[in-house]
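Encoded as structure tokens, the structure appears first; notes follow it.
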2 protein chains.
Amino acid sequence: MKKITTRNQNYSQWYLDIIDVAELAENSVTKGSMVIKPYGYSIWESFQKVLDKMIKDTGHKNAYFPLFIPKSLLTKEAKHIQGFAKECAIVTHHRLKDSPEGVIVDPESKLSEELIVRPTSETIIYDTFSRWIHSWRDLPLLINQWANVVRWEMRTRPFLRTTEFLWQEGHTAHATEEDAEEETRKMLGVYKDFVENYLAIPVISGLKTESEKFAGALRTYSIESMMQDGKALQTGTSHNLGQNFAKAFEVKFTDKDGKEKYVWQTSWGVSTRMIGALIMAHSDDAGLIVPPKIAPVKIVIIPIYKNEEEAKKVLEVAKTIQEELRSVDENILLDQRDYETPGSKFNEWEKKGIPLRIELGPKDLENNTVTIARRDTMEKLTVASPELKEKVNTLLSQIQTDLFLKAKKFREENSYEIDNWDGFKRHFQEKENSGFVYSHWCGSETCEKEINDELQATTRCIPLDQKEEVGKCIKCSGESKKRIIFAKTY
Amino acid sequence: MKKITTRNQNYSQWYLDIIDVAELAENSVTKGSMVIKPYGYSIWESFQKVLDKMIKDTGHKNAYFPLFIPKSLLTKEAKHIQGFAKECAIVTHHRLKDSPEGVIVDPESKLSEELIVRPTSETIIYDTFSRWIHSWRDLPLLINQWANVVRWEMRTRPFLRTTEFLWQEGHTAHATEEDAEEETRKMLGVYKDFVENYLAIPVISGLKTESEKFAGALRTYSIESMMQDGKALQTGTSHNLGQNFAKAFEVKFTDKDGKEKYVWQTSWGVSTRMIGALIMAHSDDAGLIVPPKIAPVKIVIIPIYKNEEEAKKVLEVAKTIQEELRSVDENILLDQRDYETPGSKFNEWEKKGIPLRIELGPKDLENNTVTIARRDTMEKLTVASPELKEKVNTLLSQIQTDLFLKAKKFREENSYEIDNWDGFKRHFQEKENSGFVYSHWCGSETCEKEINDELQATTRCIPLDQKEEVGKCIKCSGESKKRIIFAKTY
């Protein structure tokens, strides 16, 4: 059986080991792309189900736009293409043919215009919006798309950075600047709600710097989370696009005053990267830990017996329990495999992070009890059978809360306010877990870049939820009114 | 307002008009690809929800495999690549760059091996299966994927044939030939169940001929439906792949007897093409008709009033009705737009095929009644308010049944048994709606091809549900034991 590298030994390898032993994903023969295995995909489906409802409940409708974007379209917004030109998968031909050297690309099938596999869909969607929007009555236009996108990455890492990934991308158009800003922040709030209340990962909402904003946006907001090694992971972004794309794609409407105006736009997205965040925020050296509210399987029942007679009795009760708990979760797993020992079953489901394990043996039957094991704390407790359902409900909600509080406590313990360059420098040079450092910054890209180059400390975001205070840039001592988070990142 | 071409005038244009007025999809700037608009996509989501459950209930698990397939992998199974070589989108470069002529493909970013955008995923999935499968305990391996695929099509038609389309593709591996055949037929049965009982379209299940089978399969089964112009549409296929791919990709397992064996495989899929079938099977000259069990919105309530006072009263009752009917359907639409007349609302929802329309005006309030209009028959009836919920339930199930029976009757009226060449020839040359012709066929590709070339009549399938009878090939008078369906097709 594969051993898991501990977090202390090698955090990076631990992450890969968890993905392996929990059977979440694996590398594929297509370089940079991963195969999302059934268990990993069921977690993604669980994310989708909750988030899709949240997106629809806030008035958005799903639609589907082409995978391929003609080159001329992708290059229409100047800053956008600057941001994506270096990481494009480009389709140039449409036929293979036999040749003495085997199957080759048929040179006669060259396309008159190259097609780019969407790295994101602003251009193709806004080209469409320009035909859908005519009057103020068509606004706001609130669209979402679940899709695969491709960005050519040289250094990939499962879930965190892969050439192809799955995501949702919201795209909206509004009549006024205020409406667009409100939407941008609202969807950032939806992401915060989702990540905190379902994934049990606390986030900081904030504004990205100019150099870190989305290519073509007016401003970008993000939610940032701290992983167990103190590094930051950006788990979602929401962009106020202003009128940049509206002007490039002629997305105009006739307003109530009869005048023709450009729309104000937003886009926002979260991806399979969130599975990476889930792994790194909660899991331990025994395997994955999945918060109950997002767990594809919340409970696994393991029957314990020594002979066929016992097996029969235990399985009968196990099935009754499965039935009884169906109102808690439809997918309660009863692991009936007779060729695996209870011990190896415990191990397997621990590695997959099922929140609760119910053990049921002949002794439990005698005493009319069951044993419950919590995955997060590994605690075991014996429960009288009539109280099982209530106890299970309490435990599931307890685990959800505890995971969040634990992650929040960890973040707080690893957050610092630093106001002098020497201390700042020493902090990032000497501390292995450097966490989140809240410092003043003047807003210049030069300071930002110098800090990054020297200390590999990146600007994460300017937290929205802070009061103004007079301060001096940690690097140049220039004027600053707000703190920004510096952290190492993935 | 756009007028719909009638079916009699021009069936082909009618189909495009329905897609347009019901706001299902539109052509995109990417040639051959369509944009699936929010209402069209909500129908696809409705399909997915039902079918995904059916697929999971039969033991399959979803997973996700890469979009890009290295050329060397796609070419491993000889017949498979023959079938797909001519319709591949090929990625050859990964970077754009500035040049005096504008943004161009950077020649230095040429890939060492070309990547094919998946036309279907047998090759990349079975390459993975070869690592997942070791022993008989790993079998059957039952996987499904929801994905986009690309086949380079020269002549496209929304939903029926587009360069990119959305589908699900099932891929399974089994220990024995019998298990694989059973799975192939079982999934054909799931498709039949889905298309008949949800889409209300009757289907014929049968075996495809050698020339029409999937590239690389041992045999292909399909379900075939008749559209309102008498043409056949293949709405789903299920392939028994035998050991062809297992041998090409070395998918082997150690059996209970300790011997290493190749697995037996199946694959099966349905796509957004089913939306094309839905449109053409049921809709009329007034617009789309959606069967209730698959309708994203089953009921629309239209308030009717002349002044604000009436509006207030009517809307209050309308909301009560919406609440009351929530147990029938969560998405009951109350069309409150004050800038549209009831007439234009009637028209809009008729075009979109909402099964039931509830009209509510001041007179209804006085009489404690509501008016219900059926979309399929356009009948209107007045119902006493206390009986509304029961009546709505009855009507929805009635519409579902009636649509199926109507389509079935149409198919029966347009099905023929023809046993002589002259009659056969005259039938396809003279009848505009040539329907399904059940004739004997010797099994030779020559006869099949000659019939197709001369009469554009294609072999659809050899129905499974028929008794053997001695007959003579309609073309060459060779021996035949079963009839095959000939029809014109899309």
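The values are calculated or read from the model by the stated rules, or taken from the named source; none is laboratory data. It should be emphasised that the depicted structure is a prediction, and the values quoted were computed from it without experimental measurement. Note that each Cβ is placed from the backbone with ideal geometry, even for glycine, and that neighbours are counted across all protein chains shown.
Mind checking which residues of region A:337-357 are farther than 18 Å from A:Tyr39 by Cα, surrounded by 13 or more Cβ atoms within 10 Å (Cβ to Cβ) and away from chain B (no Cβ under 14 Å)? Correct list: A:Pro342 only. Can you name the residue in region A:405-416 that is surrounded by 15 or more Cβ atoms within 10 Å (Cβ to Cβ) and closer than 16 Å to A:Glu224 by Cβ and, of all such residues, is farthest from the chain's Cα centre (by Cα)? Residue satisfying both the conditions and the ranking: A:Tyr416. Taking B:Lys61, is it closer than 28 Å to B:Gly236 by Cα, surrounded by fewer than 19 Cβ atoms within 10 Å (Cβ to Cβ) and either over 22 Å from the mean Cα position of the chain (by Cα) or away from every other protein chain (no Cβ under 11 Å) (or both)? Criteria not met by B:Lys61.
Scanning region B:148-159 for residues that are surrounded by fewer than 19 Cβ atoms within 10 Å (Cβ to Cβ) and hydrophobic (A, V, I, L, M, F, W, C) yields one hit, B:Met154. For region A:76-83, the criterion of a residue being buried (at least 17 other Cβ atoms within 10 Å of the Cβ), closer than 30 Å to A:Thr254 by Cβ and facing chain B (nearest Cβ under 7 Å) is satisfied by at least one position. So for region A:457-477 (the condition being in a strand (DSSP E or B), of a type outside the set (S, T, N, Q) and more than 16 Å from A:Leu207 (Cα to Cα)), does at least one residue qualify? Within region A:457-477, one or more residues are in a strand (DSSP E or B), of a type outside the set (S, T, N, Q) and more than 16 Å from A:Leu207 (Cα to Cα).
Taking the criterion of being within 15 Å of the chain's Cα centre (by Cα), facing chain A (nearest Cβ under 10 Å) and in a strand (DSSP E or B), the residues of region B:141-164 that qualify are B:Trp146, B:Ala147, B:Asn148, B:Val149, B:Glu164. Checking the stated criteria, A:Leu233 turns out to be assigned to a strand (DSSP E or B) and surrounded by fewer than 24 Cβ atoms within 10 Å (Cβ to Cβ).
Counting only strands (runs of 3 or more DSSP E) that sit completely within region A:319-409, those holding 1 or more residues that are without any contact (Cβ under 8 Å) to a residue 24 or more places away in the chain and farther than 29 Å from A:Ala281 by Cβ correspond to A:369-374, A:380-384. Sub-7 Å Cβ pairs linking a first residue in region B:89-116 that is without any contact (Cβ under 8 Å) to a residue 24 or more places away in the chain to a second residue that is polar (S, T, N, Q) and in a helix (DSSP H, G or I), at least 6 apart or interchain, are B:His93/B:Ser109; B:His94/B:Ser109; B:Arg95/B:Ser109, ordered by first then second residue.
When the residues of region B:131-147 are filtered to those that are surrounded by 19 or more Cβ atoms within 10 Å (Cβ to Cβ) and of a type in the set (S, T, N, Q), the one that is nearest to B:Tyr41 (Cα to Cα) is B:Gln145. Checking each residue in region A:160-183 for being β-branched (Val, Ile, Thr) and surrounded by fewer than 18 Cβ atoms within 10 Å (Cβ to Cβ) picks out only A:Thr176. Counting only helices (runs of 4 or more DSSP H) that sit completely within region A:1-113, those holding 3 or more residues that are modelled with pLDDT under 95 correspond to A:78-84.
Out of curiosity, is A:Asp138 within 11 Å of chain B (Cβ to nearest Cβ) and at pLDDT 95 or above?
Answer is no for this residue.
For region B:114-135, give me each residue that is more than 9 Å from every other protein chain (Cβ to nearest Cβ) and farther than 30 Å from B:Lys259 by Cα. The answer is B:Arg118, B:Pro119, B:Thr120. What residue, of B:Val105, B:Val91, is on the phi < 0 side of the Ramachandran plot, surrounded by fewer than 22 Cβ atoms within 10 Å (Cβ to Cβ), within 11 Å of chain A (Cβ to nearest Cβ) and among the β-branched types (Val, Ile, Thr)? Every option except B:Val105 fails the conditions.
Here A:Gly258 fulfils each of the conditions (1) small (Gly, Ala, Ser); (2) in the same structural domain as A:Thr120 (by TED's automatic domain parsing); (3) not in a loop (DSSP other than H, G, I, E, B) apart from (3).
Of all residues in region B:146-163, none satisfies being over 23 Å from B:Ala89 (Cα atoms), touching a strand residue (DSSP E or B) at 6+ places or on another chain (Cβ under 8 Å) and of a type in the set (A, V, I, L, M, F, W, C). Scanning region B:22-58 for residues that are under 26 Å from A:Ser121 (Cβ atoms), hydrophobic (A, V, I, L, M, F, W, C) and more than 7 Å from chain A (Cβ to nearest Cβ) turns up B:Ala22, B:Leu24, B:Ala25, B:Met34, B:Ile43, B:Trp44, B:Phe47, B:Leu51. Each residue in region A:400-431 was checked for being small (Gly, Ala, Ser) and within 16 Å of A:Thr458 (Cα to Cα), and 1 pass. Of all residues assigned to region B:197-204, at least one qualifies as being surrounded by 22 or more Cβ atoms within 10 Å (Cβ to Cβ), under 17 Å from the mean Cα position of the chain (by Cα), in a strand (DSSP E or B) and modelled with pLDDT of 95 or more. Which of the residues spanning region A:417-437 are crowded, with 18+ Cβ neighbours inside 10 Å and either out of contact with any Ser or Thr (no Cβ under 9 Å at 6 or more places or on another chain) or within 20 Å of A:Lys482 (Cα to Cα) (or both)? Result: A:Ile418, A:Phe424, A:Ser434, A:Gly435, A:Phe436, A:Val437.
Take the conditions (1) surrounded by 24 or more Cβ atoms within 10 Å (Cβ to Cβ); (2) more than 26 Å from the chain's Cα centre (by Cα); A:Ala311 misses just one of them, which is (1).
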